[in-house]
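The values are calculated or read from the model by the stated rules, or taken from the named source; none is laboratory data. Bear in mind that the values here come from a model prediction, so they are computed numbers and not experimental data. Methodologically, a virtual Cβ is constructed for each residue, glycine included, from the backbone with ideal geometry; neighbour enumeration extends over all protein chains shown. Heads up: the accessible areas ignore ligands, DNA and RNA and are worked out on the full protein's heavy atoms, side chains in. Shrake-Rupley method; radii C 1.70, N 1.55, O 1.52, S 1.80 Å.
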Amino acid sequence: MKKAFITGITGQDGSYLAESLLSKGYKVYGLTRRTSTQNFQRIEHIIHHENLELVSGDLLDQHSITVALKEIQPDEVYNLAAQSFVKTSWDQPVLTGEFTAIGVTRMLEAVRFACPEARFYQASSSEMFGKVQEVPQTENTPFYPRSPYGVAKVYGHWITINYRESFNMFAVSGILFNHESPRRGLEFVTRKIANAVARIKLGKQQFVELGNLEAKRDWGFAKDYVEAMWLMLQQDHADDFVIATGETHSVGEFLELSCQVAGISDWRSVYRHNPKYDRPAEVDLLIGDPSKAKQKLGWEPSVTFAELVKIMTEAELIEEAKDRD
Ligand code: NAP
Ligand code: G4F
């Protein structure tokens, strides 16, 4: 039985990846950090699975991850844990650097000493392209990050490549463009919109307050993207890949379509601009070229933008209708 170790298992991607690996017959170990109230909502349905084990540790604590890896001896390590919200990275830039940048080195050091034969996946991000130097963005597009988060991810990307080249480790960096689902955190714009639109439809709130409606993102479905992570670790050689849909849409388009799904005819009537959601430096346009992933991994997205908006809005309509009062 293959063994996989996932950091960030309580997050959106970690929960889908754990589900997928369990269905493939893996024994899955998930790193969780201590919190005063448990945060297992996304993994509640698999928490009693006989092949899932939660391990206590933190990306800030080198010893906890080295000991866990030494004991488990996993075949595959997926480093998904991070301070992943771009806006917060301006409020907590040092902490973001500790988790999202140096945390990657802690993971690589733990793998190097405890289980050097394990295959390592680093969750890199299209935020690294920031002020884009090329359209669409490929594996060779130069980086120009626009937030402390983006800068931290560039560090994580390069330290992964450096350990591959320095120590001959099987370490890959997946450059994933935005991917969403009903399990997305409420602070991210897609889930925020889908949830607000559902609440407006059900008469629970009047408006949705947003920042920049013009920003464009290449949005895919999270379940598709965790399959790409797994595929990257099944290759003969370690390599880095862009994972994207190849389409871009604005935040405004997402809002308009979500309103359509919910049967709200005039999206402008429910929208308010609130400058508190604007960013000190914006990433205006992201659009990835997933050709290399298609050719070498045989990976393709299965959910279109319109389907994604529908999946997310309908899920919120169902959830919000449950606790209507
Ligand atoms: P997410 O939902 O915010 O999940 C982040 C996970 O990291 C949570 O499980 C969180 O645990 C954990 N974590 C944070 N700090 C930690 C620490 N110090 N020690 C241990 N665990 C810690 O993020 P996601 O959307 O699933 O994204 C997964 C990864 O992919 C992240 O690295 C993100 O930056 C990257 N990424 C995401 C996207 C996207 O569009 N979703 C695109 C590109 C790259 P708690 O539950 O305890 O907070
Ligand atoms: O949903 P967002 O917060 O995602 P963002 O900043 O693109 O980051 C996500 O994708 C990255 C991949 O490129 C990941 F690495 C990262 O971890 C995260 O998952 O914001 C998307 C866009 C931004 O341009 C933002 O300015 O939406 C715009 N926006 C407009 N109003 C808003 C809002 N974003 C949020 N969160 N909230 C608003 O009210």
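Report D for region 1-134 in µm² per second (integer): Stokes-Einstein, Kirkwood Rh on Cα pairs, 4 °C, 1.567 mPa s. Walk me through the intermediate numbers first.
Values: Rh = 15.4 Å.
Roughly 84 µm²/s, to the nearest whole number.
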(request) Could you calculate, for region 264-325, the ratio of the Cα radius of gyration to the Kirkwood radius, expressed as Rg to Rh? (result) 1.11
(request) Using only the alpha carbon atoms of region 175-225, find the Kirkwood hydrodynamic radius as the inverse mean reciprocal pair distance, in angstroms to one decimal. (result) 12.2
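Need one number: the % of Cα-Cα pairs in region 104-196 sitting beyond the 20 Å mark. Spell out each step's value before the answer.
Values: 2041 of 4278 pairs.
Everything past 20 Å amounts to 48 percent.
Kindly provide the helix-only [θ] at 222 nm of the chain, computed as the sum of -39,500 (n - 2.57) over DSSP H runs of four or more divided by all residues, to the nearest 500 deg cm²/dmol? Don't skip to the end; give the middle numbers.
Working: 10 runs with 117 residues, N = 325.
Only helices count here, giving -11000 deg cm²/dmol.
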(request) Note down the Stokes-Einstein diffusion coefficient of region 93-156 in µm²/s, whole number, using a Kirkwood radius over alpha carbon pairs, 25 °C, and 0.890 mPa s. (result) 193
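Filter the trypsin sites (Lys or Arg not before Pro) in region 255-325 down to the DSSP loop ones having no more than 14 other Cβ atoms within 10 Å, then list what survives. Numbers along the way, then the final one.
Details: sites: Arg268, Arg272, Lys276, Lys292, Lys294, Lys296, Lys310, Lys322, Arg324; in loops: Arg324.
Passing both the DSSP loop test and the Cβ count: Arg324.
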(request) Restrict the search to region 127-226; then list the trypsin sites (Lys or Arg not before Pro) that DSSP places in a loop and that have at most 11 other Cβ atoms within 10 Å of their Cβ. (result) none
(request) Send over the per residue convex hull volume for region 148-201, Cα only, as a whole number of Å³. (result) 86
(message) Could you work out how much longer the chain between Ser23 and Gln133 gets when fully extended? Use 0.36 nm per residue separation minus the Cα distance between them, nm to one decimal.
(response) 35.6 nm
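For region 148-272, with all protein chains present and a 1.4 Å probe, just round the carbon and sulfur fraction of the accessible area to a whole percent. Display every interim value, and only then the final one.
On the way: 2250 of 4800 Å².
Percent of accessible area from carbon and sulfur atoms in region 148-272: 47.
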(request) May I ask for the angle, rounded to the nearest 10°, between helix 222-232 and the longest principal axis of the chain, with both axes built from Cα atoms and the value confined to 0 to 90°? (result) 20
(message) Based on Cα coordinates alone, diagonalise the gyration tensor for region 176-260, multiply each eigenvalue by 5, take square roots, and list the semi-axes in whole Å, largest first.
(response) 31, 14, 9
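Among the listed pairs Lys87/Lys201; Lys27/Lys292; Lys87/Lys131; Lys87/Lys322, give every one whose C-alpha distance is greater than 19 Å. Each step should come with its number before you reach the end.
On the way: Lys87/Lys201 28 Å; Lys27/Lys292 30 Å; Lys87/Lys131 16 Å; Lys87/Lys322 31 Å.
In this structure, Lys87/Lys201; Lys27/Lys292; Lys87/Lys322 exceed 19 Å between Cα atoms.
When the solvent-accessible surface of protein heavy atoms is calculated with a 1.4 angstrom probe, in what order do Trp267, Trp219 fall, highest first?
The ranking, largest first, comes out as Trp267, Trp219.
Between Rg and the Kirkwood Rh of the chain, both from Cα atoms, what is the Rg to Rh ratio? Write out the running numbers ahead of the final one.
Details: Rg = 19.5 Å, Rh = 20.3 Å.
The Rg/Rh ratio comes out at 0.96.
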(request) Could you tell me which GluC sites (Glu not before Pro) in region 1-80 are loop residues by DSSP with no more than 10 other beta carbons within 10 angstrom of their beta carbon? (result) Glu50
(message) If I take R0 = 22 Å and measure r between the Cβ atoms of Gln206 and Glu314 in this structure, what FRET efficiency does the formula 1/(1 + (r/R0)^6) give, to the nearest 0.05?
(response) 0.55
(request) Take region 183-325, compute every pairwise Cα distance, and split them into 10 Å bins from 0; I just need the percent in each bin. (result) 11, 37, 30, 16, 5, 0
(request) Of the options Phe305, Ala101, Gly203, report the single residue whose Cα projects farthest towards the positive end of the charge dipole of the chain (beta-carbon charges: Lys, Arg +1; Asp, Glu -1). (result) Gly203
